[in-house]
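The values are calculated or read from the model by the stated rules, or taken from the named source; none is laboratory data. Since this is a predicted model, take the numbers as computed values, not measurements. Cβ placement follows ideal geometry from the backbone for every residue including glycine, while neighbour counts extend to all protein chains displayed.
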Amino acid sequence: MYTRRYKCAVAFPPLLWVTIFLLIPYAMLFCYSFWRVSPLQVIVHEWNLGNYRELLHNSMYATVLFRSMLIAAAVTIFALLLGYPLAYFLSFRATMRKDLLYQLVIIPLWVSYLVRGYAWKTILGSDGVLNGFLQYFHIVHHPVEFLLYSPFAVVLMLTHIYTPFVFLPIYAALEHVPRNLVEASLDLGASPAQTLWRVILPLSLPGVLAGATFAFVLTLGDFLAPLLVGGPSGIMISNVVVSLFGTAYDWPLGAAISLSMLILVVALLFLVERVEKRWTFS
Amino acid sequence: MLVFVFLYLPIVVLVLYSFNGQGVGGFPPRELTLEWYRVLLADPPLWGTVRNSLSVAFCAVGIALALGLPAALALDRAEFPGKGLFRRLVLLPLILPGIITGLSLLMLFVTGGINLSLLTITLGHGTALISVATTELFAGLQKFDRAQEEASLDLGATHWQTFWRVTLPNLKISLIAAALLIFTLSMDEIAVSFFLIGRSNTLPLEIWSRLRRGMTPEINAISTVILVFSIGSILLWYRLRTRTVVAEEEPTSMLSGTLAGGQA
């Protein structure tokens, strides 16, 4: 039905754009990661493995990377813990106002990221709402320090940001679970809990995987949250990259880290795709 | 449920404190005042950045749609070698942290000798958001009844005519929904913009730099304004989306769909 000319005309413009603005930039990332910076702050186009060696040998990067992965894992887990029950509730239990509730969950997503981060800053500060609240009710007598400018704050804020992201695919997956399967399970004598564990959960796994991947990858690449609420102990790997492109001026090293992240993300996506393909039956 | 409280607490606090007379912090809030909104209105540099953000957002919508539509069409209809790679490449910015997209584009511009400016930001946003446009439009295409196009072609219309008179009108709602989404995302975009700004700031970056200097409730005020607008546009988006819905289609299918690789 579609002529070859049509298909070419349709595929060509985006292909061209994507080649120029995605493929080539990634290639540049690749190239830069093998170059180096001279002591005079000039980028020397000399191909070497110095950056990667630095990454592997300097323990600071390993530490920050490890912490970032921990934070990312924590955020993913908490977001799932919050998002899944929410999705389950909305999909299976909420009969009236389902639409409205759904919209309510979506809305925080479109509130600016900065705005939400800033709000958490207001809440968690030693001068902030939470501390004020605790002190007002005499629960504590001095401001609780670790609330802000700590990895705790980063995890908290990012969980808040990514819970709706995690909710979305899980909700979609749950909506696709055939209700008659659930009914059958209950009819055959399983309790709701067993049904949840053995029928619903496995069927919704693609959604869970999608949400988890999203949360994990984006948290890993987040540099704003640590800058807003992380403090010196909350630095994540992306902050390192940012400073390498800023004040620390070492583009090649920054490129090396970014490229590694890129490869990690792509590998993770491949993995998830594989797992999903094997898991779903259609 | 509790989750809702958690989700909304910061927002409520934010709005509340934009009216707080005393300044940042403290509990409970002291006087209620519109003072900060007054300050906000009298702040020209801030509104300059709002203008910047708006123009970037509009252009980004243009770019993303102009390229996302053919991309969606290609993915929906054409088979060609490298299609899988193409699909993944187009959709990658959706999940890739903005920092990587931003950095790689920065390298491109620097190597190409292009100065950083609003133009580079626009190109960055447009590129990153093509993925959003493509997913949204692809979903719209999937729901579209192919028979209509066939009928049109059978009746003698050219592909171009068919496109303009049959395909496009049917995609109208998808297009608008995509546009809204892209616009909203562009207005809040920080990660990519961070690396691509020149001399002029976009709104989120301006707020960011002010935040680093110290908080003022004026930021609360502008945030509340942004909040109201965002809620407005997302409600609009949702209305549009559900208008075309048949039982299964969810505004969320993009993610599970793309990650499940079901669209190849």
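A few points about this structure:
- Qualifying residues in the range B:197-244 (those that are modelled with pLDDT under 75 and assigned to a loop (DSSP other than H, G, I, E, B)) - the one farthest from A:Lys98 (Cα to Cα): B:Gly214
- Residue list for the range B:206-235, restricted to those being more than 8 Å from chain A (Cβ to nearest Cβ), more than 17 Å from A:Ala119 (Cβ to Cβ) and touching a Leu at 6+ places or on another chain (Cβ under 9 Å): B:Glu206
- Helices (runs of 4 or more DSSP H) enclosed by the range A:1-99 - at least 3 residues per element that are at the interface with chain B (Cβ under 8 Å from one of its Cβ atoms), surrounded by 16 or more Cβ atoms within 10 Å (Cβ to Cβ) and in contact with a Lys or Arg (Cβ under 9 Å, 6 or more places away or on another chain): A:4-18
- Long-range neighbours under 7 Å by Cβ, at least six apart or interchain, first residue free of Cβ contacts under 8 Å to residues at least 24 places away in the same chain within the range A:260-279, second crowded, with 18+ Cβ neighbours inside 10 Å and of a type outside the set (S, T, N, Q): A:Glu273/B:Leu259; A:Glu273/B:Gly261
- Pairs, first free of Cβ contacts under 8 Å to residues at least 40 places away in the same chain in the range A:1-25, second among the charged types (D, E, K, R), C-beta under 7 Å, six or more apart: A:Met1/B:Glu150; A:Tyr2/B:Arg77; A:Lys7/B:Arg77
- Some residue of the range B:48-57 being charged (D, E, K, R) and within 10 Å of another protein chain (Cβ to nearest Cβ): no
- Subset of the range A:202-260 [among the polar types (S, T, N, Q), within 22 Å of B:Leu105 (Cα to Cα), within 20 Å of the chain's Cα centre (by Cα) and more than 7 Å from chain B (Cβ to nearest Cβ)]: A:Thr219, A:Asn239, A:Ser260
- Members of the range B:47-90 that are more than 21 Å from the chain's Cα centre (by Cα) and crowded, with 16+ Cβ neighbours inside 10 Å: B:Ala74, B:Leu75, B:Asp76, B:Arg77, B:Ala78, B:Phe86
- Any hit, the range B:245-264, residues being over 14 Å from B:Val56 (Cβ atoms), at pLDDT 75 or above and assigned to a helix (DSSP H, G or I): no
- Residue ID - surrounded by the fewest Cβ atoms within 10 Å (Cβ to Cβ), chosen from residues in the range A:261-282 that are within 11 Å of chain B (Cβ to nearest Cβ) and assigned to a loop (DSSP other than H, G, I, E, B): A:Ser282
- Selection count where residues are aliphatic (A, V, I, L, M) and farther than 22 Å from A:Leu220 by Cβ, scope the range A:64-121: 14
- Total residues in the range A:230-244 satisfying the condition of being closer than 20 Å to A:Ala79 by Cα and either part of a helix (DSSP H, G or I) or free of Cβ contacts under 8 Å to residues at least 40 places away in the same chain (or both): the figure is 2.
- Test: residue in the range A:179-188 that is within 13 Å of chain B (Cβ to nearest Cβ) and modelled with pLDDT of 85 or more: no
- Residue within the range A:211-229 that is surrounded by fewer than 20 Cβ atoms within 10 Å (Cβ to Cβ) and either small (Gly, Ala, Ser) or outside any loop (DSSP other than H, G, I, E, B) (or both) present: no
- Residue in the range A:111-145 that is modelled with the lowest pLDDT, counting only those that are touching an Asp or Glu at 6+ places or on another chain (Cβ under 8 Å) and assigned to a helix (DSSP H, G or I): A:Leu114
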